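Here is the structure we will look at, set down as C-alpha coordinates.
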Amino acid sequence: MIKFEQVSKTYPGGQQALRKVDFHVEQGEMAFLTGHSGAGKSTLLKLISIMERPTVGRVLINGHNLSSIKRRDIAYIRRDIGMIFQSHQLLMDKTVFDNVSLPLVIEGHTRKNIAKRVDAALEMVGLRDKAKNLPITLSGGEQQRVGIARAVVNRPPLLLADEPTGNLDPKLSMEIIRLFEDFNQAGVSVFIATHDLGLIARMKYRTLTLKNGQMITDGLDEQPNQGL
Ligand code: ADP
Ligand code: ADP
(Lines give C-alpha, C1' and ligand atoms only; values in the text may rest on other atoms or scores of the structure.)
(Ligands and ions follow the chains in the order given, each with its own letter.)
Protein backbone atom coordinates (compact mmCIF):
# COMPACT_ATOMS: atom_id res chain seq x y z
CA MET A 1 0.00 0.00 0.00
CA ILE A 2 2.79 2.41 1.07
CA LYS A 3 6.40 1.67 0.15
CA PHE A 4 9.42 3.89 0.76
CA GLU A 5 12.73 2.88 -0.82
CA GLN A 6 15.81 4.74 0.46
CA VAL A 7 13.89 8.01 0.52
CA SER A 8 15.68 11.23 1.39
CA LYS A 9 14.15 14.69 1.36
CA THR A 10 16.12 17.93 1.45
CA TYR A 11 14.13 21.16 1.30
CA PRO A 12 15.31 23.94 -1.03
CA GLY A 13 16.79 25.82 1.94
CA GLY A 14 19.12 22.85 2.59
CA GLN A 15 17.20 21.41 5.56
CA GLN A 16 17.37 17.61 5.41
CA ALA A 17 14.02 16.33 6.67
CA LEU A 18 14.32 12.60 5.80
CA ARG A 19 17.41 10.41 5.43
CA LYS A 20 17.34 7.08 3.59
CA VAL A 21 13.93 6.06 4.91
CA ASP A 22 12.89 2.47 4.09
CA PHE A 23 9.59 0.90 5.15
CA HIS A 24 6.35 -0.46 3.84
CA VAL A 25 2.80 -0.69 5.10
CA GLU A 26 0.72 -3.56 3.74
CA GLN A 27 -2.83 -3.33 2.45
CA GLY A 28 -5.14 -3.72 5.47
CA GLU A 29 -2.48 -2.80 8.05
CA MET A 30 -2.80 -0.16 10.79
CA ALA A 31 0.38 1.56 11.99
CA PHE A 32 1.52 4.60 13.93
CA LEU A 33 4.28 7.03 12.98
CA THR A 34 5.91 8.93 15.82
CA GLY A 35 8.91 11.07 16.69
CA HIS A 36 9.55 14.43 18.28
CA SER A 37 8.73 17.75 16.64
CA GLY A 38 10.94 18.26 13.59
CA ALA A 39 11.68 14.54 13.19
CA GLY A 40 10.14 14.47 9.72
CA LYS A 41 6.62 13.09 10.27
CA SER A 42 4.78 15.78 8.28
CA THR A 43 7.34 15.57 5.50
CA LEU A 44 6.84 11.81 5.26
CA LEU A 45 3.04 12.27 5.05
CA LYS A 46 3.46 15.01 2.43
CA LEU A 47 5.50 12.63 0.27
CA ILE A 48 2.64 10.10 0.46
CA SER A 49 -0.02 12.70 -0.41
CA ILE A 50 2.22 14.15 -3.16
CA MET A 51 2.42 17.58 -1.55
CA GLU A 52 6.21 17.17 -1.72
CA ARG A 53 8.54 15.07 -3.87
CA PRO A 54 11.49 12.98 -2.63
CA THR A 55 14.96 14.34 -3.37
CA VAL A 56 16.33 10.78 -3.63
CA GLY A 57 14.62 7.38 -3.57
CA ARG A 58 11.20 6.04 -4.51
CA VAL A 59 7.75 6.33 -2.95
CA LEU A 60 5.11 3.84 -4.14
CA ILE A 61 1.41 4.11 -3.26
CA ASN A 62 -0.91 1.31 -4.24
CA GLY A 63 1.67 0.21 -6.80
CA HIS A 64 2.03 3.66 -8.35
CA ASN A 65 5.56 5.04 -8.37
CA LEU A 66 5.06 8.65 -7.25
CA SER A 67 8.49 9.68 -8.53
CA SER A 68 7.44 9.23 -12.13
CA ILE A 69 3.76 10.15 -11.87
CA LYS A 70 2.48 12.89 -14.17
CA ARG A 71 1.00 16.06 -12.75
CA ARG A 72 -2.44 15.33 -14.21
CA ASP A 73 -2.54 11.94 -12.44
CA ILE A 74 -1.96 13.38 -8.96
CA ALA A 75 -5.65 14.02 -8.26
CA TYR A 76 -6.45 10.48 -9.41
CA ILE A 77 -3.94 8.93 -6.96
CA ARG A 78 -5.11 11.21 -4.11
CA ARG A 79 -8.61 9.77 -4.45
CA ASP A 80 -7.20 6.60 -2.92
CA ILE A 81 -6.08 8.52 0.17
CA GLY A 82 -8.41 9.82 2.87
CA MET A 83 -6.59 12.64 4.67
CA ILE A 84 -7.35 13.64 8.27
CA PHE A 85 -5.72 16.67 9.89
CA GLN A 86 -5.37 17.98 13.41
CA SER A 87 -7.26 21.07 12.43
CA HIS A 88 -10.06 19.28 10.62
CA GLN A 89 -10.42 22.14 8.11
CA LEU A 90 -14.19 22.07 7.84
CA LEU A 91 -16.04 24.78 5.96
CA MET A 92 -17.70 26.61 8.82
CA ASP A 93 -20.50 28.15 6.74
CA LYS A 94 -21.56 24.76 5.31
CA THR A 95 -23.61 22.06 7.01
CA VAL A 96 -22.12 18.78 8.17
CA PHE A 97 -23.78 17.12 5.16
CA ASP A 98 -22.25 19.59 2.71
CA ASN A 99 -18.80 19.25 4.28
CA VAL A 100 -18.85 15.46 4.09
CA SER A 101 -20.27 15.41 0.55
CA LEU A 102 -17.48 17.60 -0.87
CA PRO A 103 -15.19 14.82 -2.19
CA LEU A 104 -18.18 13.16 -3.91
CA VAL A 105 -19.35 16.44 -5.46
CA ILE A 106 -15.83 16.94 -6.85
CA GLU A 107 -15.89 13.41 -8.27
CA GLY A 108 -19.24 14.14 -9.92
CA HIS A 109 -21.51 11.59 -8.27
CA THR A 110 -25.30 11.82 -8.63
CA ARG A 111 -27.27 13.53 -5.87
CA LYS A 112 -28.94 10.30 -4.89
CA ASN A 113 -25.64 8.47 -4.63
CA ILE A 114 -24.14 11.37 -2.64
CA ALA A 115 -27.02 11.36 -0.16
CA LYS A 116 -26.67 7.61 0.34
CA ARG A 117 -22.93 7.65 0.86
CA VAL A 118 -22.88 10.71 3.12
CA ASP A 119 -25.56 9.09 5.24
CA ALA A 120 -23.47 5.90 5.51
CA ALA A 121 -20.30 7.85 6.41
CA LEU A 122 -22.12 9.88 9.10
CA GLU A 123 -23.62 6.67 10.45
CA MET A 124 -20.12 5.19 10.83
CA VAL A 125 -18.89 8.14 12.88
CA GLY A 126 -22.13 8.35 14.88
CA LEU A 127 -23.28 11.74 13.57
CA ARG A 128 -26.29 10.89 11.42
CA ASP A 129 -28.54 13.15 13.45
CA LYS A 130 -26.21 16.14 12.98
CA ALA A 131 -26.27 16.24 9.17
CA LYS A 132 -28.06 19.59 9.03
CA ASN A 133 -25.94 21.23 11.75
CA LEU A 134 -23.26 23.82 11.14
CA PRO A 135 -19.85 22.66 12.45
CA ILE A 136 -19.78 25.56 14.94
CA THR A 137 -22.63 23.90 16.88
CA LEU A 138 -20.59 20.69 17.38
CA SER A 139 -18.00 19.82 20.02
CA GLY A 140 -14.31 19.47 19.10
CA GLY A 141 -14.55 15.67 19.07
CA GLU A 142 -17.64 15.78 16.86
CA GLN A 143 -15.96 18.19 14.44
CA GLN A 144 -13.03 15.82 14.17
CA ARG A 145 -15.47 12.99 13.39
CA VAL A 146 -17.00 15.10 10.60
CA GLY A 147 -13.47 15.41 9.18
CA ILE A 148 -13.12 11.63 9.37
CA ALA A 149 -16.48 11.09 7.66
CA ARG A 150 -15.34 13.39 4.85
CA ALA A 151 -12.08 11.45 4.52
CA VAL A 152 -13.82 8.07 4.20
CA VAL A 153 -16.92 9.07 2.20
CA ASN A 154 -15.43 8.02 -1.16
CA ARG A 155 -14.14 4.80 0.46
CA PRO A 156 -10.41 5.20 -0.09
CA PRO A 157 -8.25 2.11 0.59
CA LEU A 158 -5.82 4.23 2.65
CA LEU A 159 -6.45 6.61 5.55
CA LEU A 160 -3.66 9.01 6.44
CA ALA A 161 -3.94 11.03 9.65
CA ASP A 162 -1.64 13.88 10.79
CA GLU A 163 -1.97 14.40 14.58
CA PRO A 164 -5.70 13.52 14.46
CA THR A 165 -6.06 13.72 18.25
CA GLY A 166 -3.87 16.78 18.78
CA ASN A 167 -6.64 18.97 20.18
CA LEU A 168 -8.56 16.27 22.06
CA ASP A 169 -8.47 14.95 25.62
CA PRO A 170 -7.39 11.30 26.24
CA LYS A 171 -10.94 9.91 26.30
CA LEU A 172 -11.95 11.57 23.00
CA SER A 173 -8.57 10.63 21.50
CA MET A 174 -9.26 6.99 22.27
CA GLU A 175 -12.69 7.24 20.65
CA ILE A 176 -11.09 8.59 17.48
CA ILE A 177 -8.55 5.75 17.45
CA ARG A 178 -11.37 3.23 17.95
CA LEU A 179 -13.03 4.70 14.88
CA PHE A 180 -9.84 4.16 12.90
CA GLU A 181 -9.84 0.56 14.15
CA ASP A 182 -13.37 0.10 12.80
CA PHE A 183 -12.27 1.25 9.35
CA ASN A 184 -9.16 -0.90 9.57
CA GLN A 185 -11.29 -3.93 10.41
CA ALA A 186 -13.30 -3.16 7.28
CA GLY A 187 -10.07 -3.58 5.27
CA VAL A 188 -8.79 0.01 5.08
CA SER A 189 -5.06 0.64 5.60
CA VAL A 190 -4.56 3.24 8.35
CA PHE A 191 -1.39 5.26 8.95
CA ILE A 192 -1.45 7.70 11.87
CA ALA A 193 1.25 10.27 12.67
CA THR A 194 1.20 11.35 16.31
CA HIS A 195 3.58 12.46 19.04
CA ASP A 196 1.12 11.18 21.66
CA LEU A 197 3.21 8.29 23.04
CA GLY A 198 0.66 7.67 25.80
CA LEU A 199 -1.97 6.92 23.20
CA ILE A 200 0.34 4.59 21.27
CA ALA A 201 1.38 2.77 24.45
CA ARG A 202 -2.24 1.81 25.08
CA MET A 203 -2.53 0.23 21.63
CA LYS A 204 -0.95 -2.91 20.21
CA TYR A 205 0.00 -1.63 16.82
CA ARG A 206 3.14 -1.41 14.81
CA THR A 207 4.93 1.85 15.55
CA LEU A 208 7.46 3.50 13.29
CA THR A 209 9.70 6.10 14.92
CA LEU A 210 11.54 8.92 13.19
CA LYS A 211 14.45 10.74 14.77
CA ASN A 212 16.24 13.53 12.89
CA GLY A 213 14.81 12.21 9.64
CA GLN A 214 15.89 8.61 10.17
CA MET A 215 13.64 5.65 10.87
CA ILE A 216 15.05 4.38 14.17
CA THR A 217 12.41 1.80 15.16
CA ASP A 218 9.81 -0.17 13.24
CA GLY A 219 7.91 -2.81 15.13
CA LEU A 220 5.44 -3.98 17.73
CA ASP A 221 7.78 -4.75 20.61
CA GLU A 222 10.20 -1.91 20.31
CA GLN A 223 9.52 0.96 22.69
CA PRO A 224 8.97 4.16 20.71
CA ASN A 225 10.16 6.30 23.64
CA GLN A 226 13.66 4.81 23.52
CA GLY A 227 16.12 7.17 21.95
CA LEU A 228 13.75 10.13 21.79
P1 ADP B 1 7.53 16.84 12.13
O2 ADP B 1 6.26 16.74 11.37
O3 ADP B 1 7.99 15.53 12.69
O4 ADP B 1 7.47 17.91 13.18
P5 ADP B 1 8.59 18.03 9.72
O6 ADP B 1 8.50 17.04 8.61
O7 ADP B 1 7.57 19.10 9.77
O8 ADP B 1 8.68 17.26 11.11
O9 ADP B 1 10.02 18.74 9.66
C10 ADP B 1 11.26 18.03 9.49
C11 ADP B 1 12.36 19.03 9.27
O12 ADP B 1 12.20 19.65 7.98
C13 ADP B 1 12.40 20.16 10.28
O14 ADP B 1 13.74 20.49 10.51
C15 ADP B 1 11.68 21.27 9.57
O16 ADP B 1 12.14 22.53 10.04
C17 ADP B 1 12.03 21.05 8.12
N18 ADP B 1 10.98 21.51 7.21
C19 ADP B 1 9.70 21.09 7.18
N20 ADP B 1 9.01 21.68 6.20
C21 ADP B 1 9.89 22.50 5.57
C22 ADP B 1 9.81 23.39 4.45
N23 ADP B 1 8.67 23.54 3.76
N24 ADP B 1 10.92 24.07 4.10
C25 ADP B 1 12.08 23.90 4.76
N26 ADP B 1 12.23 23.08 5.80
C27 ADP B 1 11.16 22.39 6.22
P1 ADP C 1 -0.19 21.01 9.47
O2 ADP C 1 1.21 21.57 9.53
O3 ADP C 1 -1.23 21.88 10.08
O4 ADP C 1 -0.28 19.56 9.91
P5 ADP C 1 0.01 20.10 6.77
O6 ADP C 1 1.44 20.47 6.59
O7 ADP C 1 -0.33 18.67 7.03
O8 ADP C 1 -0.60 21.01 7.94
O9 ADP C 1 -0.83 20.57 5.52
C10 ADP C 1 -0.67 21.88 5.00
C11 ADP C 1 -1.82 22.17 4.04
O12 ADP C 1 -1.81 21.27 2.94
C13 ADP C 1 -3.16 22.02 4.73
O14 ADP C 1 -3.89 23.22 4.56
C15 ADP C 1 -3.84 20.88 4.01
O16 ADP C 1 -5.20 21.18 3.74
C17 ADP C 1 -3.10 20.74 2.72
N18 ADP C 1 -2.99 19.33 2.35
C19 ADP C 1 -2.22 18.40 2.94
N20 ADP C 1 -2.34 17.23 2.32
C21 ADP C 1 -3.22 17.39 1.30
C22 ADP C 1 -3.77 16.55 0.30
N23 ADP C 1 -3.46 15.27 0.19
N24 ADP C 1 -4.63 17.08 -0.57
C25 ADP C 1 -4.96 18.36 -0.49
N26 ADP C 1 -4.49 19.22 0.43
C27 ADP C 1 -3.63 18.75 1.34
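The values are calculated or read from the model by the stated rules, or taken from the named source; none is laboratory data. The structure displayed is predicted, hence computed values, not measured ones. Here Cβ is always computed from backbone atoms with ideal geometry, including for glycine, and neighbour counts include all displayed protein chains. The area values use the complete protein model at the heavy-atom level, side chains included, leaving out ligands, DNA and RNA. Shrake-Rupley method; radii C 1.70, N 1.55, O 1.52, S 1.80 Å.
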Tell me which strands (runs of 3 or more DSSP E) are completely within region 11-130 and hold 1 or more residues being out of contact with any Cys (no Cβ under 9 Å at 6 or more places or on another chain) and under 26 Å from residue 174 (Cβ atoms), or say none if there are none.
16-25, 30-34, 81-85
Lone qualifier among 108, 141 - being at pLDDT below 95, closer than 24 Å to residue 160 by Cα and surrounded by 12 or more Cβ atoms within 10 Å (Cβ to Cβ):
141
Would a scan of region 76-93 turn up a residue that is at positive phi and open to solvent by less than 80 Å² (accessible area, probe 1.4 Å)?
no
Mind listing whichever residues of region 179-198 are within 15 Å of residue 39 (Cβ to Cβ) and in a loop (DSSP other than H, G, I, E, B)?
194, 195, 196
When region 155-202 is checked residue by residue, the ones that are within 13 Å of ligand 2 (Cβ to nearest atom), small (Gly, Ala, Ser) and surrounded by fewer than 17 Cβ atoms within 10 Å (Cβ to Cβ) are 166
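Answer yes or no as to whether residue 35 is open to solvent by 20 Å² or more (accessible area, probe 1.4 Å) and not basic (Lys, Arg).
Details: open to solvent by 20 Å² or more (accessible area, probe 1.4 Å): no; not basic (Lys, Arg): yes.
Considered against the rule, which asks whether it is open to solvent by 20 Å² or more (accessible area, probe 1.4 Å) and not basic (Lys, Arg), residue 35 comes out as no.
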Does residue 50 satisfy being within 16 Å of ligand 1 (Cβ to nearest atom) and touching a strand residue (DSSP E or B) at 6+ places or on another chain (Cβ under 9 Å)?
yes
